[in-house]
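Read the structure below first, then the notes.
We did not get these values from a lab; they are worked out from the coordinates using the rules stated. Note that the coordinates shown come from a computational prediction; the quantities given were computed from them, not determined experimentally. FYI the Cβ positions are ideal-geometry reconstructions off the backbone, even for glycines, and counts take in every protein chain you see.
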Amino acid sequence: MILKEYTDNQSKYFIDTIQIYDAYRDAFEKNKAYRGGMHWKKSKNKEYLFRTKDRYGNGNSLGPRSEKTEKILNKFQKNKKHISLHLKSLKDRLKEQSRLCKAVKIQRVPRVVTSLLRVFEQQHLLGRNLIVVGTNALYAYEAAAGVFFEQDIMATSDMDILWDIRPKLILISEDDLPGTDFMDILRKADKSFSMMGENNFRAVNKNGYMVDLLKPAPSMIFENEKSRMGGKDDLKAVEVMNLQWLLSSPKFSQTVIGDDGFPALMIVPDPRAFSLHKIWLSTQDDREPMKRRRDKQQGIAIAKIVLNYLTQYKFDQEELRMFPASILERAAASIKDMQVPDDFK
């Protein structure tokens, strides 16, 4: 497997884009505090300062008109204008940066993926309830290492989303979000998403791009865990054995660049856990032979990334205690031709 490292110019524009996007994400969150508005509302011949929270006029009174409430209104209007202009400026910078990212050829991730990631983050689901697994996770690892994988190893027409049902699901609803179903959230990024049949774990858009919702199989057969984020017509997560290894590992955050040049935050499992899980998958006899070969190729590719670029991560058994020792031993045997440090064993 050949890894192509970023050029100095590509590294520069990638770092610049991350910094601008971090500033944009911060401004976006601050701007939420100023959604809606403030105005004077007359009731029984008295004026009250009313704070609206949405476009439907829902809100609450902040008290009768006084020197105090007039100061509150002036401060709110001043801050709202400031953060709005700041957010617009950062959006404009990201538009310009997107052209530069495409010019230096660091745009990698399908835009449907980056669109979904931004929606997941805005709804406060990314990293809390949802993480990216499967082939798309490779985009995060290669970006962190400043390298490009060969295109063949990255090819996929679906996105695997791992749902962690342990944290309470708290959706940050917005005016234009129809409901709280996972399908509604997908459609916020792409209106053409629809479920493939009833009681299915898979949604597909008009271009044939698929999103699969996964969850770990319960540790006890008789356990009856929640399988839908929303109502009975929502996607039903498919249960997969040993995905708890990925959920139990530390989370890995990395900004990636969509093929339209715009960035998004991607949260994936620890690269060591991803590598070990893929190598384990490649040994499962009930898995299709072509998938097993691809699993092994991807698992070894990420091990190579860790050993050569993400050297702050050690294949230490204590840090990877969510895996049985036999999995670590089997992984070490799989990459025996690479330079394996002593702490891998």
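Test of understanding: what is the full-extension gain from Arg293 to Lys32, defined as 0.36 nm times their sequence separation minus their Cα-Cα distance?
Numbers: separation 261, 0.36 × 261 = 93.96 nm, distance 4.62 nm.
Here the answer is 89.3 nm.
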**Request:** Extending each Cα 7 Å along its Cβ direction at Lys53 and Arg330, get the distance between those two points in nm, one decimal.
**Result:** 5.0
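If neighbour count is taken as other Cβ atoms inside 10 Å, put Asp8, Asp295 in order from fewest to most. Let's see the in-between values first.
Details: Asp8 7, Asp295 20.
Fewest-to-most Cβ neighbours within 10 Å comes out as Asp8, Asp295.
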**Request:** Please report Tyr139, Tyr34 as a ranked list, fewest other C-beta atoms within 10 angstrom at the top and most at the bottom.
**Result:** Tyr34, Tyr139
**Complete:** The alpha-carbon center of region 136-171 and that of region 178-247 are separated, in whole Å, by 16
**Request:** Compute the length gained on full extension between Asp286 and Lys44: take 0.36 nm times their separation in residues and subtract their Cα-Cα distance, giving the result in nm to one decimal.
**Result:** 79.7 nm
**Message:** If the reach is capped at under 19 angstrom between alpha carbons, list the aspartates and glutamates near Lys102, excluding any in the same chain fewer than eight residues apart.
**Reply:** Glu5, Asp8, Asp16, Asp92, Glu142, Glu150, Asp259, Asp260
**Complete:** Total charge of the residues flanking Asp16 in space, meaning their Cβ is under 13 Å from its Cβ, with Lys and Arg +1 and Asp and Glu -1, is 0
**Prompt:** So what's the back-of-envelope 222 nm ellipticity for the chain, counting only DSSP H runs of four-plus at -39500 (n - 2.57) apiece and dividing by all residues, rounded to 500?
**Reply:** -13000 deg cm²/dmol
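Listing Trp40, Trp163 from the residue with the fewest other Cβ atoms within 10 Å to the one with the most, what is the order? Could you put the intermediate results ahead of the total?
Details: Trp40 13, Trp163 24.
With the fewest neighbours first, Trp40, Trp163 line up as Trp40, Trp163.
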**Item:** Förster-model FRET efficiency, 22 Å R0, Lys95 and Asp8, C-beta, rounded to 0.05
**Value:** 0.35
**Fill in**
Counting only DSSP beta bridges with both partners in region 107-344, the antiparallel fraction in percent, to the nearest 5, comes to 60
**Prompt:** Which aspartates and glutamates have a Cα less than 16 Å from the Cα of Lys53, not counting those fewer than 8 places away in the same chain?
**Reply:** Glu29, Glu174, Asp175, Asp176
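Among the listed pairs Lys32/Lys71; Lys168/Lys296; Lys41/Lys78; Lys4/Lys95; Lys81/Lys168, which are separated by more than 24 Å between their Cα atoms? Could the numbers behind the result be given before it?
Values: Lys32/Lys71 21 Å; Lys168/Lys296 34 Å; Lys41/Lys78 20 Å; Lys4/Lys95 27 Å; Lys81/Lys168 34 Å.
Where the Cα-Cα span goes over 24 Å, the pairs concerned are Lys168/Lys296; Lys4/Lys95; Lys81/Lys168.
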